[in-house]
Structure formats: C-alpha cells, structure tokens
Amino acid sequence: MEYKHNKIEKKWQKIWRKKRIYQPDLENAEKPFYNLMMFPYPSAKGLHVGNMYAFTGSDIYGRFKRMQGYDVFEPIGLDGFGIHSENYALKINKHPLKLAKKTEKYFYSQLQATGNGYAWENTLETYDPDYYKWTQWLFIQMFKNGLAYRQKSAVNWCPSCKTVLADEQVISGKCERCGTEVVVKELEQWFFRITKYAERLLNNLDEINWSEKVKIAQRNWIGRSEGVNIEYEVVGQKEKIVCFTTRPETNFGATFVVLSPFHPLVLKITKDNYRKQVVEYIEGVKKRKVSPEETADNKEKTGVFTGSYCLNKLNGKKMPIWVSDFVLDNVGTGAVVGVPAHDKRDFEFAQKFNLEVIRVIVSEDGDDSAITSIDKVYEGHGKIINSEFLNGLNSREAKEKITEFLEEREWGKREVIYKLRDWCISRQRYWGPPIPMIKCPKCGWVPVPEEELPVKLPYLKDYRPIGTGESPLDKAEKWLKVNCPVCGAPARRETDVSDTFLDSSWYFLRYPSIKFKDKPFDKRITKKWLPVNMYIGGAEHSVLHLMYARFITMVLFDLGYIDFEEPFTNFYAHGLIISQGAKMSKNKGNVVIPDEYIKKYGADALRMYLMFLGPFDQGGDFNPTGIIGIKRFLNRVFRLSLNLKVNLHQQTTKNLERALHRTIKKVTEDIENKKYNTAIACLIEFANLWEKEESISLEDGKRFIKLLAPFAPHLSEEIWEILGGEFSIHQQPWPEYDPALVKQTEFTIIIQINGKLRDKLIVSQDVSEEEVKNMALNRPKVKKWLENKEIKKVVFVPNKLINFVV
RNA sequence: GCCGGGGUGGAGGAAUGGUAGACUCGAGGGACUUAAAAUCCCUUGGAUUAAUAAUCCGUGCGGGUUCGAGUCCCGCCCCCGGCACCA
C-alpha cells in the first residue's frame, strides 16, 4: 500500500503554519538555538535539487535540535540583489524589480513544498527597502569610523558585466559570473578597510569551531607573511628602494632589484638614456589584459633595465635595478630583491637577462654546485654558504640573525604583510542598494543623514550598465540631484550601488529582529539569539561571504552594537550536488528542479534520498533512479504502522528491542555529526527487521517514528497522528536509549591464523582468552590449519578475535 | 606550482588498526497474479569448481610498520574543488 504523499504533505504544511510550530518565541525562548542556512541568491528558475540538498541537511539538524528541547529558530530569506539576478533580468528583458517579485513567490512556494521548518514570519529579502535601509546604515557607520574610503585604483573590470569586481570575484583572471576575461581599469571606488582587521580575522580562527578546511582557506586568503623591509640606497642618488623579503638570510645571494612598473620611484631613478625604453615598457603593461595564461607560472618574464644600481651594504655589491610586471604593485613594497639561486621567478628573470646567480643555501643533499637551470633552484631551507658571518648556520637561524643585524644598523625593519586586500564595495550597476553618500562641491563626501534612509533605488526603465565606469543611476537626473546635508549647496548623490556581499554580510543579525522598523537589530533579541549556533552553507563561500560576515561583525562589536566578535560559532560546509558529472548550470542544461520529484515521490522521499546519496559534506551526483528505494522504505514504514494500529497489543520482541535501542544511539550520534546517510541506512535496517519480527509495542513503534521525524517530517507526523500521538511529533522529546540494551550480549569471535580469517565462534560476553583458545583449538577447521605447526604467539582481543601466529 | 578533498562491486556508498563491500539502486532467478503493477523471497566482487564444500585473489600503483592495513608511514599516479608571479 502506498501512502498519498501529495495529500499528506500539503495537509501538514498547512497545519504547521497555522499552528506556528516552527515559530519560536523570540522574546522569551528559554533554550534558543539559531539554526541558520546560508540564504540563497535566487535564480529565476527557482530552487534546484542542489539548493534543496543543502537546505534539507540544515533542516534535519534543526528538527533534531528542536526535539532535543531547544527553541529552534530557522529563518529563510532571499539574497535577491546583485549582478546574478540583474544579468538574468537583462537576458530575458524583464525589469529586475518585477522579476524579483515573481522569483520570490516561486522560491518561497518551493521552499514550503520541501517541508522545511522555517520561521515564515521572519523572512527577509535584500532588495526590500526595509532591509537595505540598514545595509545603507551599515555603510554610513563604516564611513563615519574611517573604515570606508574612496580611492582611485587599478581595479578588476569585467567588460561584459560592465562593472568592477572584487579580487574574490575574479576566478583565474575571469569574471565569476560570466566567465569573461577581466581587464584592469583605473577608477575611483569605495573601499572597506578590511586589511585593518587582518590580524584579528586570522587569530580569531583559533577560537571558532569550523572545519579545518575552511579555516585553512581563510588563513591562505589572509596570507600572513613575516619578513623584513630592507632599504637599498640607489648608487649616486639620494633615493632609497625598500624591498620586502621573507628570506633576508639569502641576501648575500641577491644580484638585482626589480621594481613594479607602477612603483613611484621608477621614473625618478631611471637614467636618461634608458628612459625611453622604460616608459615604453610601462605603457605596454598598462594596456595588457590580465588573462589567465599571463598570470600563470608559464608566462615568460619581461622587463627593462633602468640604468641605475642599488647598493647591497652587506657585501658592497652593486645590483642593477630593473622594472618588470612580474613584481606586483600591491604586494609588499612593490619592489623585490632578486635572489635567483633560491627563487624560481627570480631565476627565470636572471636567466632571461643574463644576471648573476649566486648560491647561498645548500640542501640536505650537500650539493653546492652552481645553479644553472630552473630545476636546480632551491627554495627550501638548509645550510648557508657564501654569506660571510652567516656561513654554516641553518637558514632558519640565519634569518633571525640577519634580521637582528639589519635592524641594529637600521638597514632593515621587521614587517608583516598580508595577501588580503581592502574590500572594493562599489558596483557600477543598477540592482543593488545605492551607496548612501552625497558629493558636495564644497564639503566633499557627506553621508546621507540617517533619518533620511533608505535611499530608495529609483525605478529606472533602462537599467542597463553603461560601460563607461558610471552607474546606470547616473541617468536618474532627478534622483541624483540633492542639496548637501551639511551646507545646503546643490550636490549629487553617489550613483554606484554596493556589492551584493555587503547585503549578505549582516543578514543573520536582521532575521530575529525583523519586526523592529526603527533599528537594524534589537539589542536584547540579538543577545539572546546570536551568535548563530549552527551555520550550514556551501564551501564555495569559505573565503568570500564568511570573511566579510566576520569582518562586519567585528566592526559592529568594536562600535559597541553587539557583544560578540564572531558571528558563527559553528560552521559546517555541505557538499555540492552535481548532475551528470558536472556542476548544475543553465549553460550545460543539467539543472534538476525538485518539483517533479516532489510531485511523483513526495518531499519526504526526495529529502531522504538526497541525504542518502552520501556523506553530507561530500555531495554527490544526482541520479534519480535510487529514489524509488527510499519511497519503498517509507511505504513499508507506513504499512507497518497501520498494522500496528490494527493490533495495538503487540509486544516488542527482544531482538527488535535491542535493535531499536541501537538504532536510537546510532541515529542520534549520526545526526549530531551530520552523517545523515548512515543514519538513514540504520533506519532502513530497523524497518527491515521490524517487518521480519512482526511484533512491536505501540510505544516502541512511536519511538521509531520519532527517529524518522527529522528526515521525513510529513509522513512521520501522519503516522504519529494515526498512532494517537499528541500534536506535533516535531515538538516531542527525542527518544533516549537504554545503554544496557545497546550492549551486545553475543559476540562473534573471529579465528585467524596468521591474520587470515579461518573460522568464527559465537560466544557470550567476556569469555576469557583461555576459554576462547580452547574452543578455537577444538574446531576442525582450526585443527586442520594448525596441523604440524607450532603456535608461536596468540593475539587475543576480547569479544572480537583470536589470532594464532604459526 | 601551492593548499584542500577523494580513488572500495555494474552504480551511490558502509567499515574506533581486527569478518571488506552495511544500506540502497540495478541485474538474474522465484512466489503471488489470467496478465501487469505493487509486494515478498533467494542470488549478485573475481577466479578455480558439480557445489550454497574448499582454496586463492581482491579497496588507484610501489614499498614499509604490524600478529593483523581500505584504515598508519614513505614514494608515486589519477580525479575533483580552491588559490595562483604574494617576494
């Protein structure tokens, strides 16, 4: 018999919502548990099974916590602003505002249909003025506290999206959104000073319970390195060039200095007869695209000599000063000292331009011969040679010694640098919150007074990006003309909008405080519910969203708005569902939407099937053939429950009772560890045994249904009702197991001979080694194998195995 | 190149250093049925074999540690994800 999933699921979704069982009392909850799923940026095509996979995994955890007695708050919303949505609007030629409304409706109805236990009264959308009012407020706080600044800089520009991209949005030289090659463009932009928080963002990682994988990704992104800024005098001039190096101990092997083409001293120190070539080289670099091939290792080095030399005071050596684009303007000091023997890039450069190579480190192999090819370049540590007072030292000790030496003479200074760059906030697009700033010809940049927020995004019929570096809002003449809030003079609004990542950097603070219209978040409510207890989301956000959210949280802490520095106590990265071996994308046409499967098999079956696919942190390839297995299981449970209802006076067999308690233990532990696939396997195993043993008591039957509840919320609620349980199963206490019943009473002892399985024994608990040995030696199979052999050793593991070594 | 994560039957996947392949799909066979669907039962890593007897081989490859290795160590190969001239 099959249960009618469509009917049952709709019925309970309606009742749950009406009875508000997933709506915690935000003011008075006693055991608050904030269970948060990263909110989606909706594609207009709606939710695909990849989204549903992630949401289901989060929902199971939330339901489990609820049954464990927590007041679980599980909100949902839409990250609807941004290039993603806007590009789609452009493509189908529909205004993003209208599109958003449509998307919103569809998305929420899909989410409803999955049966997740969301707090539907606390939804938010980033394009809602009620929300972005506070995103703008946040910007103003940043500005007021010196954390937002404007700067002209070479930025990543996507010629197709016609906007600036953050470093994080450039993937191997291509635009994250559309895959177009990114070019460099000089524009004046708003930046957030995230680099000021680099050290804290790094150190705090030790305090939070995130997977090591994500922490490592963040550490690498922050990219802290310790080194020395060494000052080199330019021979015959008063200029000094400062080079940052993490390997000062190799400085006796330095043979040249290279400046970035954008280094401020380039033209100053260039000799007249070299000027023409240097200028030409720099112009050439400016025009070039940042294509993936060129940024990669295999790119051939280019460069030009300036005619000048630096003095290495350590050994009095004159080092030629070159200019090359392999030295990046924004790393370290924009100038590098070349040690070709111990740096592959330096070696390539030296080789190309015939510069001297001096070995100063010998590796463990003891080879101290000259370095003549790229594969002889040694970048590791070892014994120092050719370096006067450093000779014989290990390079690690030498680094400390030379650093002190340089500092004493004021030739150099310890320095820590980071890979992390300030966060470029400006986007020359339409579909985002207008940056709430006004430019006054007299007062300069002035924030919009907070009481005038939100600065509403005007309705623009033509919202297409212009591509000149100006935002489409530049055309909203009426809107952009304002009077300066300070002096009253005619002024102009900032016409750029802010980055989508700003919208999502603080949304978790808004959810519990959604009803407050006069503040971004209520202090008391925030204290009660935050930081987020369990945050589940995609690993692809390891360095983007998660870093920004941490940064904004730290800033709000520093400004006294909140009393915690880290927004997410636990973060768990779920895996990715792929389809036909590839990431789901519209281009590939392999996007699977859940609707048809929900219709055919039910949300419960699809939920469980997705979770059964494999470990939650690993994702998997969606192949719908297996879903039938879960459907069969659910039907079986339904059937067994109806039988139980007909005959309520059954007794649980001893065998089944033990299995039940083992199942409770296993499922409890597995959900806690998000090992949903094995939890489900265990539930199936139990149902199979139940069917075999036939007899179970009502109480035990109900216990089992509770275990099923987080996975199949609708069916378990239906069965719960049939079995006379009190509404709702999702508010019942999670079952406990009896440790005595979990304990095994019979053990299979493996008999091994030389580690190979030869026979098995079934014994009761804690049989002594002597007894097991005697039993084993009496087995015919064992006798056969031990014939004419001398037992040299016996390994005995109680309740597990005995191994005879012969 | 660097940093993560992987590699186990026909497929998805299980296995605190101790019976490799739980559970599910698929496949084969059977029961029920006029028939089909649904359901249930049996078989299902490979080889030798009449055999559900027995033995051998099997967790990407090559070594090692151990009474015992899918699991630990060393050296490789391949796949996926992220970063990428970061000094």
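State whether one or more residues within region A:46-59 are under 30 Å from A:K456 (Cα atoms) and modelled with pLDDT under 90.
Taking region A:46-59 as the starting set, the residues that turn out to be under 30 Å from A:K456 (Cα atoms) are A:46-47.
Next, only the ones that are modelled with pLDDT under 90 stay: A:46-47.
Checking region A:46-59: at least one residue is under 30 Å from A:K456 (Cα atoms) and modelled with pLDDT under 90.
Look at A:E769 and say whether it is within 15 Å of RNA strand B (Cβ to nearest atom), closer than 30 Å to A:N803 by Cα, surrounded by 12 or more Cβ atoms within 10 Å (Cβ to Cβ) and without any contact (Cβ under 8 Å) to a residue 40 or more places away in the chain.
On the way: within 15 Å of RNA strand B (Cβ to nearest atom): yes; closer than 30 Å to A:N803 by Cα: yes; surrounded by 12 or more Cβ atoms within 10 Å (Cβ to Cβ): yes; without any contact (Cβ under 8 Å) to a residue 40 or more places away in the chain: yes.
Criteria met by A:E769.
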| field | Where A:D346 falls short, out of the listed (1) buried (at least 18 other Cβ atoms within 10 Å of the Cβ); (2) touching an Asp or Glu at 6+ places or on another chain (Cβ under 8 Å) | value | (2)
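Would a scan of region A:579-601 turn up a residue that is among the aliphatic types (A, V, I, L, M) and assigned to a helix (DSSP H, G or I)? Don't jump to the end; show me each part of the working.
At the first step, the residues of region A:579-601 found to be among the aliphatic types (A, V, I, L, M) are A:582, A:584, A:591-593, A:598.
Right, trim to assigned to a helix (DSSP H, G or I) and you get A:598.
The answer is yes; a qualifying residue exists.
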| field | Within region A:383-447, strands (runs of 3 or more DSSP E) holding 3 or more residues that are surrounded by 17 or more Cβ atoms within 10 Å (Cβ to Cβ) and not small (G, A, S) | value | A:437-440
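How do the helices (runs of 4 or more DSSP H) wholly within region A:173-271 filter down when requiring 1 or more residues that are modelled with pLDDT of 90 or more and touching a Phe, Trp or Tyr at 6+ places or on another chain (Cβ under 9 Å): which remain?
Values: elements: A:198-203, A:212-222, A:266-269.
In region A:173-271, A:198-203, A:212-222 are the helices (runs of 4 or more DSSP H) which contain 1 or more residues that are modelled with pLDDT of 90 or more and touching a Phe, Trp or Tyr at 6+ places or on another chain (Cβ under 9 Å).
Here are some residues: A:I536, A:I628, A:I593. Which one is crowded, with 18+ Cβ neighbours inside 10 Å and either hydrophobic (A, V, I, L, M, F, W, C) or near RNA strand B (Cβ under 9 Å from one of its atoms) (or both)? So that I can check it myself, show each step before the final result.
Numbers: A:I628 fails: crowded, with 18+ Cβ neighbours inside 10 Å; A:I593 fails: crowded, with 18+ Cβ neighbours inside 10 Å.
Checking each option against the conditions leaves just A:I536.
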| said: Suppose we keep only residues that are part of a helix (DSSP H, G or I) and among the hydrophobic types (A, V, I, L, M, F, W, C) within region A:611-625. Which one would you say is farthest from RNA strand B (Cβ to nearest atom)? | reply: A:M611
| Which one of A:L90, A:L97, A:L111 is in a helix (DSSP H, G or I), among the hydrophobic types (A, V, I, L, M, F, W, C) and over 30 Å from A:K162 (Cα atoms)? | A:L111
| query | Somewhere in region A:607-628, is a residue over 28 Å from A:V742 (Cβ atoms) and touching an Asp or Glu at 6+ places or on another chain (Cβ under 6 Å)? | reply | no
| request: Only one of these is under 28 Å from A:K215 (Cα atoms) and either in contact with a strand residue (DSSP E or B) (Cβ under 6 Å, 6 or more places away or on another chain) or among the acidic types (D, E) (or both): A:D595, A:D621. Name it. | output: A:D621
| Lone qualifier among A:F521, A:F516 - being in a loop (DSSP other than H, G, I, E, B) and touching a Ser or Thr at 6+ places or on another chain (Cβ under 6 Å) | A:F521
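Based on this model, can you work out whether A:G307 counts as touching a Lys or Arg at 6+ places or on another chain (Cβ under 7 Å) and either more than 8 Å from RNA strand B (Cβ to nearest atom) or assigned to a helix (DSSP H, G or I) (or both)?
Details: touching a Lys or Arg at 6+ places or on another chain (Cβ under 7 Å): yes; either more than 8 Å from RNA strand B (Cβ to nearest atom) or assigned to a helix (DSSP H, G or I) (or both): yes.
Yes, satisfied.
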| field | Count of region A:740-766 residues which are away from RNA strand B (no atom under 15 Å from the Cβ), without any contact (Cβ under 8 Å) to a residue 24 or more places away in the chain and either in a loop (DSSP other than H, G, I, E, B) or in contact with a helix residue (DSSP H, G or I) (Cβ under 8 Å, 6 or more places away or on another chain) (or both) | value | 0
| said: For region A:81-96, which positions are farther than 8 Å from A:W431 by Cα, of a type outside the set (A, V, I, L, M) and out of contact with any Leu (no Cβ under 9 Å at 6 or more places or on another chain)? | reply: A:H84, A:N87, A:K91, A:N93, A:K94
| query | How many of the residues in region A:136-152 are within 28 Å of A:C178 (Cβ to Cβ) and touching a strand residue (DSSP E or B) at 6+ places or on another chain (Cβ under 7 Å)? | reply | 5
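Of all the residues that make up region A:373-382, how many are without any contact (Cβ under 8 Å) to a residue 24 or more places away in the chain and surrounded by 13 or more Cβ atoms within 10 Å (Cβ to Cβ)? Walk me through how you get there before you give the answer.
Here is the first cut: in region A:373-382, the residues without any contact (Cβ under 8 Å) to a residue 24 or more places away in the chain are A:373, A:375-376, A:380-382.
Then keep just the ones that are surrounded by 13 or more Cβ atoms within 10 Å (Cβ to Cβ); that gives A:376, A:381-382.
Residues that pass the stated criteria total 3.
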| Which residues, counting only those in region A:352-374, are under 16 Å from A:V304 (Cα atoms) and within 13 Å of RNA strand B (Cβ to nearest atom)? | A:K352
| message | Quick check on region A:62-84. Is at least one of its residues in contact with a Cys (Cβ under 7 Å, 6 or more places away or on another chain) and either assigned to a loop (DSSP other than H, G, I, E, B) or closer than 30 Å to A:T163 by Cβ (or both)? | response | yes
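The values are calculated or read from the model by the stated rules, or taken from the named source; none is laboratory data. The structure displayed is predicted, hence computed values, not measured ones. Reconstructed Cβ throughout: ideal geometry from the backbone, glycine too, with neighbour counts over all protein chains shown.
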